[in-house]
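Each remark here refers to the structure printed beneath this line.
The values are calculated or read from the model by the stated rules, or taken from the named source; none is laboratory data. Just so it is clear, the model here is predicted, and its values are computed rather than measured. We place every Cβ from the backbone using ideal geometry, glycine too, and count neighbours over all the protein chains shown. Quick note on the areas: whole protein, heavy atoms, side chains included, nothing else; ligands and nucleic acids left out. Shrake-Rupley method; radii C 1.70, N 1.55, O 1.52, S 1.80 Å.
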Amino acid sequence: MGSLFRSEEMTLCQLFLQSEAAYACVSELGELGLVQFRDLNPDVNAFQRKFVNEVRRCDEMERKLRYLEKEIRRDGIPMLEIPGECPEAPQPREMIDLEATFEKLENELREVNQNAEALKRNFLELTELKHILRKTQVFFDEHEGGANTTESMTRALISDDPNRHIGHVQLGLRDKQESLEFLPCFVAGVILRERIPAFERMLWRACRGNVFLRQAEIDTPLEDPSSSDQVFKSVFIIFFQGDQLKTRVKKICEGFRATLYPCPEAPADRREMAMGVMTRIEDLNTVLGQTQDHRHRVLVAAAKNIKNWFVKVRKIKAIYHTLNLFNLDVTQKCLIAECWVPALDLETIQLALRRGTERSGSSVPPILNRMETLEDPPTYNRTNKFTFAFQNLIYAYGVATYREVNPAPYTIITFPFLFAVMFGDLGHGALMAAFGFWMCYKEKPLQAKKIDSEIWTIFFGGRYIILLMGLFSMYTGLIYNDIFSKSLNIFGSAWRNNYNQSTLESNKMLQLNPDSDAYTQTPYPFGIDPVWQLAEANKIIFMNAYKMKISIIIGVFHMLFGVCLSLWNHLYFKRRISIYVEFIPQILFLVLLFFYMVLLMFIKWTSYGPNAAHLGSDDPEIVKTSAYCAPSILITFINMMLFKTDPNTRPQCNDNMYAGQIGLQKFFVIVALMCVPVMLFGKPYFIMKEQKERARQGHQTIEGAAENGAAGGAALPPPQHHDEDITEVFIHQAIHTIEYVLGSISHTASYLRLWALSLAHAQLAEVAWNMLLRKGLMSRDFEGGIFLYVVFAGWAAISVSILVLMEGLSAFLHTLRLHWVEFQSKFYSGEGYLFQPFSFEVILDSAGQGEE
Amino acid sequence: MGASFVPITVFTVLWGIVGIVCPFFVPKGPNRGITQVVLMLTAATCWLFWLCAYMAQMNPLIGPRLTSETLIWIARTWGEPY
């Protein structure tokens, strides 16, 4: 039996590992990924476990690697993917080597970085100074040129006549050009450009307008060494007088984080200084270049191995984490582990353990013991890349109870099929199938690309579902005869025009009569006749009648299938009582009421209509089977449930669809209603009976034990039974029954969403065609071509975005609901928990994702 | 009964082959069971869907209501009634 039909059989095993061999063995098991270890020291604090030290060391190594990676990323050096296979987990002794390597690399890098930062800071200062010298030169030149005096003269004036300059200040800065000449002190510096306005305002206010600020922007952005951001700065120079103002100005500069630089007053000094700065900058540049080169070399060397190292470290860490779950035995020489293992894989696991022992060079083989347990084993379904997506759809609802029937294998087909009933359109289906096929065909390259957009991941994960949904939509589209809301006339329509010319000319609309030679009396062989697409007046009436019926038919079959799967569950778990008091009444209820309705539909399809041999006949016998006498199925069904017969309004017709219909229907309804109390009370009754039986037997054993005790043997404790509370059973069963009975009705109605969505899809497609493409196709001439070009773009965009994507999504969600609620509620309890094996692959994958 | 022998046979046999005959020839392997289920369900669903479309049209209760222009076009391109 294929494994996907039920979850794998699991066994709880006890594993005895020699302490030397434990590491290697766990490493092998991690490569295998088939063992789920249980925590044997759940009450031990994470810090008190045995291998805490090792885990901490691994964490430290990982931190170093992350640091390295960050640096590598910052320099934009490509990291090499691991060539070929993943490296195996290294031996524990290799850990020391790795640690040493990482330590060395980290230290080296940190040192280089520190040096580089210091150098950069130096460089920044020099550059700023360079700019200051250059810009202030302009200020000085300006005022010298404007006042037509030399600096020495200014100085002389100031020293000569202090009164004058005081007077000037008292007058305020009436004339800036003039006043400049008399301001003796200044500071020059650099400040962030965005701080300039606030800085200026602050200076003005704090010094009451007694200072004069000139500023110039530095055009090239400068690099901030601490954050390595590019920042824009401005050079400023402040002129003021007096020590009091000087301290104030300096304080303000400090407050605004402006850097002040010494700036000589004499032009010759400035020039000299500028020269000195330039040479120093050049020297620094060479040193910086060398530092950068060195850093780059270190990083390139590290980039080659970093992925490899990451894998190794993560594997070591995972192994020690697992070892922390183990128990030490009394002699301290042996580690004891408990694990869930798929029964079929015991041999592979034994082999892996043996490999591990050989690798570690230990002489004592590990021991794997099966254990008996009452615990529920985890659910494990072996999937491949095709079934994986379908299994996930099921898991999204709930993980199957251990060994329960798994709906996934049936979902593979029923899911795309129900989707396609709602999405039926050959054109849209083909688009979807093409997209799905492309993703399946380019699977490997697309997987390797590792696109981490969430929407893409969802689409790519469901590529096989999308492909199948597309293919089934193409089939249902062919049956609906819908391709972008147009029809194909492959086999030749079964309808002809039988009106003569004068009738055609005198009427605008004419209805073809099926009871005449307008209809060939044999239907279109595959799908819906193309004539209906042309019949804009009553196409919907015909399609609604057809689609509603097929929705109910498909729904009833789907639910019957679900109930049958519950039988398989009961048989497997040997719940004989459940078969009699649950499965049989359930299926009777469904068949007698709803499957009977389906049968009525088929009877109506086959027995009412034109008679090929007597077209247009008025013979009363033939009228009875004509379209005129066709009953409404819904009314018939409602009357059946209400035990009612409508008064005959059509005297030519029979009251019944077949002889004895009323009696049979009454019988069906009564039997179906009788099923309800069986469902309600059957199981609690049997459970009660069983408990009584057991209680009596229990009495006997106790009595027997007492006798034994009297005879000198030890008194046995009475056998423990997990007797469920009978009221609880009753309530549980009542809920189940109500759910099933009411559910059958509401679920049947719920399948009408198949009709509703397929109607909506067909109508939307038609609207898109009529409102857009038809307008384009009807325009003529050269301009018409251009118009069509534009209109086609609009129509294609709407077709893909609304009809394929949005409608596809809504149909997908409705299909999901039909499976989760209507189908799975019949047999699936979903109360299990997932098997999560210790596997390097999973650990590395999740670590890789967390990092991005 | 307005059924025709040929299409019913053709499509029933076609889906019958897919759903009943093909499952016997699925290669042995771990996925044999799944493939069989897939084939059988495909055949069952597709056949049922086709059957419903066919039967719904076997005895039409109403005929299409068309504009006379469409009817004239039908008369020209699809030909006369049999």
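How would you order B:51-62, A:359-370, A:537-548 from highest to lowest mean count of nearby Cβ atoms within 10 Å?
B:51-62, A:537-548, A:359-370
Once the whole set of protein chains is in place, how much accessible area is left on residue A:828, using a 1.4 Å probe, in Å² to the nearest 10?
My reading of the accessible area for residue A:828 is about 20 Å².
Return the carbon/sulfur percentage of the accessible area of chain A, one whole number, probe 1.4 Å, all protein chains in place.
Carbon and sulfur: 59 percent of the exposed surface of chain A.
From other protein chains only, count the Cβ atoms within 10 Å of every residue's Cβ in A:194-204, then give the mean.
What the average comes to for A:194-204 is 0.
Counting partner chain Cβ atoms within 10 Å of every residue's Cβ in B:18-31, what's the average?
The shielding value for this peptide is 1.
Within 10 Å, count the other beta carbons around each residue, average over each peptide in A:551-563, A:294-306, and list them highest first.
Peptide ranking by packing, descending: A:551-563, A:294-306.
Placing +1 at every Lys and Arg Cβ and -1 at every Asp and Glu Cβ, with all other atoms neutral, what dipole size does the stretch A:758-823 have around its Cα centre, in debye to the nearest 20?
Dipole about the Cα centre, nearest 20: 40 debye.
Per residue of chain A, what 222 nm ellipticity follows from adding -39500 (n - 2.57) for every DSSP H run with n ≥ 4, rounded to the nearest 500?
The helix contribution divided over chain A gives -19500 deg cm²/dmol.
Students often get this wrong, so check it: of A:444/B:28; A:549/A:775; A:70/A:307; A:315/A:442; A:304/A:449, which have C-alpha atoms separated by over 24 Å?
Flagged as over cut-off: A:444/B:28; A:549/A:775; A:315/A:442.
Other chains' Cβ within 10 Å of A:503-511 residues: what's the mean?
The per-residue average across the peptide is 4.
Against the longest alpha carbon principal axis of chain A, how many degrees, from 0 to 90 and to the nearest 10, is the axis of helix A:267-323 turned?
Tilt of helix A:267-323: around 30 degrees.
From the C-alpha gyration tensor of chain A, pull out the three semi-axes of the equivalent ellipsoid (sqrt of 5λ each), sorted largest to smallest, in whole Å.
79, 51, 26
Select from A:811, A:262, A:498 the residue farthest towards the positive end of the dipole of chain A; place +1 on Cβ of Lys and Arg, -1 on Cβ of Asp and Glu, and compute about the Cα centre.
Going by the Cα projections, it comes out as A:498.
Under a Cβ-Cβ cut-off of 11 Å, what is the net charge of the residues other than residue A:562 that fall near it, where Lys and Arg count +1 and Asp and Glu count -1?
0
How large is ³J(HN,Hα) for each residue in the stretch A:574-579, as worked out from phi by the Karplus curve 6.51 cos²θ - 1.76 cosθ + 1.60 (θ = phi - 60°), to whole Hz, x for Gly and Pro?
Here the 3J(HN,Hα) series is 6, 9, 5, 4, 4, 4 Hz.
So how long is each side of the stretch A:436-518 along the principal axes, counting just the alpha-carbon atoms, biggest first, in Å?
Extents along the principal axes: 70, 23, 17 Å.
For residue A:280, what accessible area in Å² do you get when you roll a 1.4 Å probe over the heavy atoms of the protein chains, rounding to the nearest 10?
130
If you take every residue apart from residue A:223 with its C-beta less than 9 Å away from the C-beta of residue A:223, what net charge results, scoring Lys and Arg +1 and Asp and Glu -1?
-1
Short version: ³J(HN,Hα) in whole Hz for each residue of the stretch A:399-408, in order, from phi by Karplus 6.51 cos²θ - 1.76 cosθ + 1.60 (θ = phi - 60°), x for Gly and Pro, what are they?
7, 4, 4, 3, 6, 7, 4, 9, x, 3
With every protein chain kept in the model, how would you rank A:444, A:624 by accessible area, 1.4 Å probe, largest at the top?
Ranking A:444, A:624 by accessible area, largest first, yields A:444, A:624.
Check each residue of the stretch B:57-74 and keep those whose accessible area, probe 1.4 Å, is at least 40 Å² smaller with all protein chains in place than in the chain alone; give them in order of residue number.
Output list: B:57, B:59, B:60, B:61, B:62, B:63, B:64, B:65, B:66, B:68, B:71.
With a sphere of radius 13 Å drawn around the Cβ of residue A:598, what net charge do the other residues whose Cβ falls strictly inside it have (Lys, Arg +1; Asp, Glu -1)?
+2
Note the buried accessible area between A and B here, summed over both chains, with a 1.4 Å probe, in Å² to the nearest 100.
Protein heavy atoms only, the A-B interface buries about 5200 Å².
Helix A:539-572 against the longest principal axis of chain A: what's the angle in degrees, Cα atoms only, rounded to the nearest 10?
90
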